[in-house]
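What follows is one structure encoded as structure tokens, with my remarks underneath.
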Amino acid sequence: MRAGRPTPKGRTPSSQARDTVQRLCGDLPAQRDLLIEHLHRLQDALGGVTRDVLAALAERLRLSQAEVYEVATFYQHFRVLDEGGVAPRVTVRICTSTPCAMAGARDLLARVRAAVGDDATVAVEAAPCLGQCHRAPAAWVGQRQVAPAEASALVALAAQGDTSPRPLPASGAPAQPHDYAQFERLLRGELRPIDVLRELEASGLRGLGGAGFPAWRKWATVAGQPAPRYGVVNVDEGEVGTFKDWHTLAYEPRAALEGMLIAAAVVGLERVWIYVRDEYPDVRALLQQELQALQARLLTWRQRYPAAFGAPHPHTPGQRPLLPAAGPVIELRRGAGAYVCGEESALIESLQGRRGWPRLRPPITAVCGVFGRPTLAHNVETLWWLPTVLRDGGAAWAAAGVRGRSGWRHYSVSGRVRQPGCYRLPAGSTARELIEAAGGMAEGHRLYAFLPGGASGGILPAALADVLLDFDTLAEYGAFVGSMALIVLSEADRARDVAVDMMRFFAHESCGQCTPCRAGTTQALALMQAPAWDQGRLADLSQVMRDASICGLGQAAPNPIDSVLRYFAHEVTP
């Protein structure tokens with residue numbers, strides 16, 4: 001914007017719109033990186049945002065109206081209203097992804113729509129995965145998750161306006177003696193940062209959000225970069241069938257927060273952002289409570305362990321306090337309905353108030369992340385295991401794995417099993433063992449196929465149920481474990497139908513930045529509707545998407561296609 005111009009170019013907002021933005025957002029700093037937080041305030045209060053309100057918001061943040069509009073229309077959970085449009089009073093979102101579809105979600109969606117009828121105050125929408133696959137079918141009314149969901153209950157909640165976040169098992173949990181015990185060992189000097197890195201290396205702990213990069217190596221890379229260094233906790237698990245991070249935070253959030261603090265101390269992080277997907281309003285409310293309590297603990301620790309807090313001394317550059325004088329700045333941020341923001345560079349773009357477009361690499365996030373600074377990005381489970389690794393020792397934690405693998409894993413198990421849920425098993429476990437842990441196949445069902453890593457991980461036949469589900473063990477079968485989300489199919493299902501569902505999900509969630517993904521998912525979905533697939537065209541399209549897409553979404557989207565052609569060709573040939 002040119003110096004001296006009092007307002008952005010474009011329409012002049014009305015005084016009413018300016019007053020609305022000031023009333024709802026006046027306590028937020030007028031910073032570009034808080035654009036999405038501003039939009040949430042407006043969306044929550046108004047049910048939608050008009051172009052007049054967007055113009056007033058652009059004026060407040062000193063952004064062009066085009067920048068504000070492109071962000072508001074990129075994310076699914078912001079409703080931009082046409083002139084004269086009226087926002088609904090409440091929105092009911094019903095998950096129609098594969099685990100919920102198996103449990104009758106599409107019928108549920110039709111029944112809720114029929115019950116609501118012509119009531120314009122209630123919007124009823126199909127939604128991608130809500131992270132409640134173990135309690136399918138799942139729905140979301142306002143800010144309340146409902147799982148399992150029934151049509152009458154959803155309609156009643158919408159009518160009553162009882163749409164605040166539900167309490168979770170850990171809500172209001174009292175302090176425990178083991179809370180933050182390993183972090184305090186660091187503050188007391190019983191553990192040094194180098195000791196933590198050695199235990200991490202001995203444990204073999206890897207990033208458990210999908211990529212599987214060794215945690216110690218990532219820490220060492222970021223720690224070796226110039227300050228200031230930042231951190232990101234990725235709670236944007238949008239992969240179909242994945243809910244392990246939700247489960248971890250719902251039941252034991254303090255271990256993850258302790259892991260975050262340990263990482264901040266060892267790597268030297270001045271600021272940390274916790275990015276929570278918008279579909280987890282209950283987790284966001286719980287973390288707000290826990291972070292408030294954590295601030296009180298930080299005050300106590302600063303008084304008890306003053307040597308661990310402070311600024312680096314200019315005459316001893318090789319030595320530094322573990323944490324800034326007031327402790328690391330911790331911010332809780334809210335996603336807005338974009339699966340692609342589970343990719344760490346897209347998440348960082350979102351943190352900075354932009355569209356969630358993945359970045360080209362290099363540079364990697366560890367070198368150039370949030371605001372161009374070195375950034376340590378981890379998912380919840382990786383951080384959650386850190387206190388256990390330090391308590392038991394890295395070698396002991398690693399020894400828990402089976403068949404040559406290291407440590408433990410949390411697996412999300414859904415679909416045709418008796419007891420869907422989150423299960424803790426040794427690394428190196430198989431699909432058959434996970435199904436047994438979940439009570440076996442559901443009554444009247446026999447194993448036909450399974451998805452080892454959610455939507456992206458491919459589809460494997462029952463004959464491969466004894467293959468290890470871990471990093472580097474599934475590549476020869478054209479699959480990967482990814483977020484460790486096992487979706488179990490029976491002989492009542494068809495792999496081609498599931499593949500179509502997955503491609504529909506990818507086409508819906510593509511950010512649109514690159515043509516191979518944007519156009520490729522759409523074309524693939526159209527080709528997959530045919531009774532007999534054009535295998536040659538689909539194979540060519542798959543290769544182009546893998547070779548030329550910018551991020552993992554487009555690169556992994558062809559996996560269901562390739563799996564069907566490799567293992568279930570009888571379903572798609574005449």
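The values are calculated or read from the model by the stated rules, or taken from the named source; none is laboratory data. The structure presented is a predicted model; accordingly, all values stated were derived computationally and were not measured. Cβ coordinates were reconstructed from backbone atoms using ideal geometry, including for glycine residues, and neighbour counts include every protein chain displayed. Ligands, DNA and RNA are stripped out before the accessible areas are found, and what is left, the full protein with its side chains, is counted by its heavy atoms. Shrake-Rupley method; radii C 1.70, N 1.55, O 1.52, S 1.80 Å.
For the reader, a short list of remarks on this structure follows.
- Cα gyration tensor shape of the stretch 254-402, rounded if a/c is under 1.5, else prolate or oblate by comparing a/b with b/c: rounded
- Computed over the stretch 161-283, relative contact order equals 35 percent, with contacts defined as Cα pairs under 8 Å that lie 6+ residues apart.
- Cysteine residues of the chain whose Cβ has no partner cysteine Cβ closer than 4.7 Å: Cys25, Cys129, Cys133, Cys341, Cys368, Cys422, Cys511, Cys514, Cys517, Cys551.
- For the stretch 262-342, the dipole from Cβ point charges (+1 on Lys and Arg, -1 on Asp and Glu) about the Cα centre works out to 240 debye, to the nearest 20.
- For the pair the stretch 205-267 / the stretch 22-55, the C-alpha centres are spaced 29 Å from each other.
- Amide H within-cut-off set for Arg354, under 5 Å, with H built and near neighbours excluded: none
- Where labels lie 7 Å past Cα in the beta-carbon direction, separation of Glu436 and Arg566 in nm: 2.6
- Highest-first arrangement of 392-400, 68-76, 404-412, where packing means the average Cβ count within 10 Å: 404-412, 68-76, 392-400
- Charge dipole of the chain about the Cα centre (unit charges at C-beta), most positive-ward option of Thr98, Leu390, Met502: Leu390
- The chain, relative contact order [Cα under 8 Å, separation at least 6], %: 13
- Linear extension gain, Ala296 paired with Val329, 0.36 nm per residue minus alpha-carbon span: 10.5 nm
- Derived scalar couplings between HN and Hα for the stretch 416-431 equal 7, 10, 5, 10, x, x, 9, 10, 9, 9, x, 4, x, 6, 10, 4 Hz in order, rounded to whole Hz, by the Karplus curve 6.51 cos²θ - 1.76 cosθ + 1.60 (θ = phi - 60°), x for Gly and Pro.
- Using θ = phi - 60° and Karplus 6.51 cos²θ - 1.76 cosθ + 1.60, couplings along the stretch 145-161 (whole Hz; Gly, Pro as x): 7, 10, 7, x, 9, 10, 4, 4, 5, 5, 5, 5, 4, 5, 5, 7, x
- Projecting the Cα atoms of Ala377, Phe243, Ala366 onto the charge dipole of the stretch 238-377, computed from C-beta unit charges around the Cα centre, puts Ala366 farthest toward the positive end.
- Sequence-distant residues sharing a close amide H with Arg277 (under 5 Å, placed H): Val235, Asp236, Glu237, Gly335
- Close amide H pairs (under 5 Å, H built 1.01 Å from N) link Arg409 with Leu425, Ala427, residues at least 5 positions away or on another chain.
- About the centre of its Cα atoms, the chain shows a dipole size close to 1380 debye [charges on the beta carbon of Lys, Arg (+1) and Asp, Glu (-1) only; nearest 20 debye].
- Summed side-chain charge close to Leu553 - residues other than Leu553 whose Cβ falls under 9 Å, Lys, Arg +1, Asp, Glu -1: -2
- Neighbour net charge for Gly104 - beta-carbon separation under 11 angstrom, K R +1, D E -1: 0
- Over the stretch 388-429, Cα pairs under 8 Å with separation of 6+ residues give a relative contact order of 35 percent.
- Centroid-to-centroid separation of the stretch 417-431 and the stretch 359-383 [C-alpha atoms, Å]: 30
- Under the Karplus curve 6.51 cos²θ - 1.76 cosθ + 1.60, θ = phi - 60°, whole-Hz ³J(HN,Hα) for the stretch 262-277, x wherever Gly or Pro sits: 4, 4, 4, 6, 6, 8, x, 8, 7, 9, 9, 10, 9, 9, 10, 4
- Counting only protein chain heavy atoms and rolling a 1.4 Å probe, the accessible areas of Arg144, Arg89, Arg504 rank, largest first, as Arg89, Arg504, Arg144.
- Within the shell of other residues whose beta carbon sits under 11 angstrom from the beta carbon of Arg373, the net charge comes to +1, with Lys and Arg scored +1 and Asp and Glu -1.
- Rounded if a/c under 1.5, otherwise prolate or oblate - the stretch 321-365, Cα gyration tensor axes: oblate
- Sequence ranges 263-276, 145-158, ranked by mean other-Cβ count within 10 angstrom, highest first: 263-276, 145-158
- Inter-label distance, Ala66 to Glu491: 6.0 nm, where each label sits 7 Å from its Cα along the C-beta direction.
- Shape call, the stretch 368-447: gyration tensor on alpha carbons, a/c limit 1.5: oblate
- For the peptides 475-484, 166-175, 27-36, the ranking by packing is 475-484, 27-36, 166-175, with the highest mean count of neighbouring Cβ atoms within 10 Å listed first.
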